[in-house]
Amino acid sequence: MRWNKTLQLVDVHCEGEIGKVITGGVLDVPGKTMLDKMNHINEIDDSLRRLVVLEPRGCLQMSVNLLLPPTRPEAQAGFIVLQADKAHPMSGSNCICVVTALLELGMVPMQEPETTVVLDTPAGLVTARAACRDGRCVGVSLDMVPSFVVHLEVDVHTAEFGTIKADIAFGGVYYALVDVDQIGLDIAPGNARQLATHGVRLKEIINRQVAVRHPLYPEINEVAYVMFRNRVDDTVYQTCTTLPPGRVDRSPCGTGSSANLATLAARGRVQVGDRLTSRSTIGGEFRVELLGTTEVGGRPAVLPRVTGRAWVFGFQQLGVDPDDPLAAGFMLSDTWGDGFAPSAQSGT
């Protein structure tokens, strides 16, 4: 073999959502902060993301987490989430995958019954508390970044559904939270294709009609995802986060659940100490707890804790032959859906 790039990855999933972790082959990315490094990937050199996420080495139904040296002394590791459209600042399920990989591979020493891991993310520091037993990470609780509401029940004008209501909130990235009955569907595996298609279209519409900008991190300035939700009872919410270019999150979605918690607190439906359950399209669950309140840029904010599980299921080594014409990756609309972008084709 004559590879000119070699990467080592760990295969991990969190309640069915694949969050592979790059553990070797990348020394660092330019930038003083983790946000700078994410912006470098998105704005200057996107080749690594394309290599690991796009076909033929990647696939739509996964994320890849890039482990990096932390830029802040409090943290033990930094990471950036690489997804089908771009690099993103934070993801709860991917954070759980990263912590599980760090501990079960011995990259961070495991202490039983609990190990604390502080992660440096583009959205801020995240403290993870991993329950450990018999050399296994059996659960991870994340003290998420402060989450806050931008708008409650903002009108979104659509050609297909008329005017619908959406809550706009930050939970690590910006979300539009839409009660699923407004589009005439249930959150169910059989509706995943339709939910994904509608969510991606709504994301583009909402970003044209609603402006967002994080008060501390102004580079975070768009609604990243649409989360459909359904209130089952006072403590259980079905959640379905839709990700560009057209799929649904298999997990209950930690950042989306944090954003939803902020909307419930703003409406007075939850108080400090309350616990909720977020249930995914395939039935996986996260426990979501309101730890406390704070402010972000003068806005009332909540401090969520999200608890879930992940499993290591394999190891992978990727390489690139210098003559490989598909080193930049490619997308096809048969798999990548209506959000497919021709600009993502190899060589364009």
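The values are calculated or read from the model by the stated rules, or taken from the named source; none is laboratory data. Keep in mind the model is a prediction, meaning the values are calculated, not measured. Note that each Cβ is placed from the backbone with ideal geometry, even for glycine, and that neighbours are counted across all protein chains shown. When the accessible area is computed, the model is the full protein with side chains, heavy atoms only, and any ligands, DNA or RNA have been set aside. Shrake-Rupley method; radii C 1.70, N 1.55, O 1.52, S 1.80 Å.
Key figures for this structure:
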read-out: Stokes-Einstein translational diffusion, the range 9-114 - Kirkwood Rh over all Cα pairs, 1.306 mPa s, 10 °C, in µm²/s; value: 113
read-out: Sequence of TYR217, TYR174 when ordered by accessible area, the most exposed leading, probe 1.4 angstrom; value: TYR217, TYR174
read-out: Mean accessible surface per residue for the chain, computed with a 1.4 Å probe while every protein chain stays in place, in Å²; value: 40
read-out: Accessible area (Å², 1.4 Å probe, nearest 10) - ASP323; value: 100
read-out: Quarter of Cα convex hull surface for the range 112-226, i.e. mean projection, nm²; value: 9.2
read-out: Qualifying trypsin sites (Lys or Arg not before Pro) for the range 266-327 [loop in DSSP, other Cβ within 10 Å: at most 15]; value: ARG267, ARG269
read-out: Hits among lysines - C-alpha to C-alpha of LYS5 under 22 Å, sequence gap 8 or more where chains match; value: LYS20, LYS37, LYS86
read-out: Å³ per residue enclosed by the Cα convex hull of the range 207-276; value: 127
read-out: Net charge of Cβ neighbours under 12 Å - reference TYR175; Lys, Arg +1; Asp, Glu -1; value: -1
read-out: Alpha-carbon radius of gyration plus Dmax, which is the widest Cα pair, for the range 253-328 in Å; value: 19.4, 59
read-out: Antiparallel DSSP beta bridges within the chain, percent to nearest 5; value: 85
read-out: Label corresponding to Cα Rg over 2.2 N^0.38 Å when calculated from the structure given, among (i) 1.06; (ii) 1.16; (iii) 0.94; value: (iii)
read-out: Charge context of GLY31, other residues only, Cβ under 12 angstrom, K/R +1, D/E -1; value: -4
read-out: Surface share of carbon and sulfur [accessible, 1.4 angstrom probe, percent] for the chain; value: 48
read-out: Restricting the range 177-230 to GluC sites (Glu not before Pro) in coil, as DSSP defines it, with at most 16 other Cβ within 10 Å; value: GLU219, GLU222
